[in-house]
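The values are calculated or read from the model by the stated rules, or taken from the named source; none is laboratory data. Not measured: the values here are computed from a predicted model. Cβ placement follows ideal geometry from the backbone for every residue including glycine, while neighbour counts extend to all protein chains displayed.
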Amino acid sequence: MKQSLLGGDFLLERLYIGENPKIHQEWGELLELTGLTTDPPYTSVFGIYENEVLVATGARDDNRLKCVAIHPEHQKGTLFNELLSGLITEAHEQGIDRLFLYTKPGSVEAFSHLGFRVLATTPDGVAFMERGTPNLFDYLDQLQESNRAYEAQHGKVGGPVESIVMNANPFTLGHRALIENALSRAKRLHLFILTEDASLIPTEVRERLVREGTADLPGIIYHPTDSYIISRASFPSYFLKKEKEGTKTQATLDAILYRDAIAPALGITNRTVGDEPFDLVTSIYNESLQEQFRGSITLSLMPRVSTPEGTVISASRVRAALMEGDMKTFRLLVPDSTYRFFSSSEGKKLIRSWRA
């Protein structure tokens, strides 16, 4: 479908790579020629043709741009700007005004000219960039405002400041143990709950269960993660759970952004994580935190906890019990508040939706 003329012999088109094998092959060959690989999923894919030859392409997955490739013979011209302008315009038309991307060192300046700003850079030069609003500065202001409001009500404390990032899909006794472990080392805990609605349990429910399950514990300040901590933008491998080369890079960028921007904004000195020996992506993530936090943030790794009967507590095991209708096992793995929710009509309706 033709979308906009760029002038001369160039034409920007939406590419339906899943429907046309010929287009898919041309697209893959251009990516390979420029040293890129495919990176599904895609919300939309665009290409620029010159005399029916694909010479530029770029894709979008929600608010993340990817697979931006320009044929080597055209990299000195205006195609890059034309392509990115098309991608940005299409995203804006879909109501998306904030975009993220990863890029190699040689492309940082080109993206910067189009309004993208570097959020974090790995030691080997891969950059995580952002364009639009609300931006990282707005998010940091939000975190600091929440911190000030909490301190105005409860007072300031000295000593270490702990932090945890969790999905809590749903909140289990394992999550509760992780929080208690962190609070054993500090009187203040910044608890980040994944914002992205990419789990079986909606964000609003996950946050509610975390708050209810920790209401008796003092010193906790709850925060959203937005797009800056383990989001599809900053760390898509966490959600895709694929063994791929980019996982280490994504984990490193996420760790650096946390170390250099988020932790300083809140005075965070410590972070506690749970051991995940059977999850490759989480293991790589924990390793990256250890590497990037060295000398700046103390990282504590807590072993997985089990019930008195010896059942390892994990969110995946809890979800399996719910799917199987095994409420006896489920009851052993979760706090009272989580059990009450999934015993309610609202919780039962949610379980039925999983089975549909």
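Taking (1) surrounded by fewer than 16 Cβ atoms within 10 Å (Cβ to Cβ); (2) within 20 Å of the chain's Cα centre (by Cα) in turn, L194 satisfies each apart from (1). From the list R331, R271, the lone residue that is among the basic types (K, R), modelled with pLDDT of 95 or more and assigned to a strand (DSSP E or B) is R271. What do you reckon, is T252 more than 16 Å from N167 (Cα to Cα) and either out of contact with any His (no Cβ under 8 Å at 6 or more places or on another chain) or crowded, with 20+ Cβ neighbours inside 10 Å (or both)? Here the answer is yes, as T252 does meet what is asked. Among the residues making up the range 283-317, those that are touching a residue at least 12 places away in the same chain (Cβ under 8 Å) and hydroxyl-bearing (S, T, Y) are Y285, S288, S296, T298, S300, T307, T311, S314. Close Cβ contacts (under 8 Å, 6 or more residues apart or on different chains) running from residues in the range 142-160 that are under 21 Å from A182 (Cβ atoms) to residues that are aromatic (F, W, Y) and at pLDDT 95 or above comprise S146/Y222.
Just give me the residues in the range 289-324 being part of a loop (DSSP other than H, G, I, E, B) and at pLDDT below 95, in sequence order.
P303, R304, V305, T307, P308, E309, G310, T311, I313, S314
Tell me, yes or no, whether the range 318-334 has at least one residue that is in contact (Cβ under 8 Å) with a residue 24 or more places away in the chain and of a type in the set (S, T, Y). No: the range 318-334 contains no residue that is in contact (Cβ under 8 Å) with a residue 24 or more places away in the chain and of a type in the set (S, T, Y). Name every residue in the range 32-88 that is polar (S, T, N, Q), part of a loop (DSSP other than H, G, I, E, B) and more than 17 Å from G106 (Cα to Cα), in order of residue number. Answer for the range 32-88, where residues must be polar (S, T, N, Q), part of a loop (DSSP other than H, G, I, E, B) and more than 17 Å from G106 (Cα to Cα): T37, T38, T43, N51, N63. When the residues of the range 87-109 are filtered to those that are more than 19 Å from the chain's Cα centre (by Cα), under 20 Å from L253 (Cβ atoms) and at pLDDT 95 or above, which remaining residue is surrounded by the most Cβ atoms within 10 Å (Cβ to Cβ)? Filtering first and then ranking leaves V108. Residues that are among the charged types (D, E, K, R), surrounded by fewer than 17 Cβ atoms within 10 Å (Cβ to Cβ), at negative phi and assigned to a helix (DSSP H, G or I) occur in the range 149-171; there is at least one.
Of all the numbered requirements in (1) part of a strand (DSSP E or B); (2) at pLDDT 95 or above, E145 misses one, and that requirement is (1). Within the range 334-349, the residues that satisfy the criterion of being assigned to a helix (DSSP H, G or I) and in contact with a Phe, Trp or Tyr (Cβ under 8 Å, 6 or more places away or on another chain) are S337, T338, Y339, F342, G347, K348.
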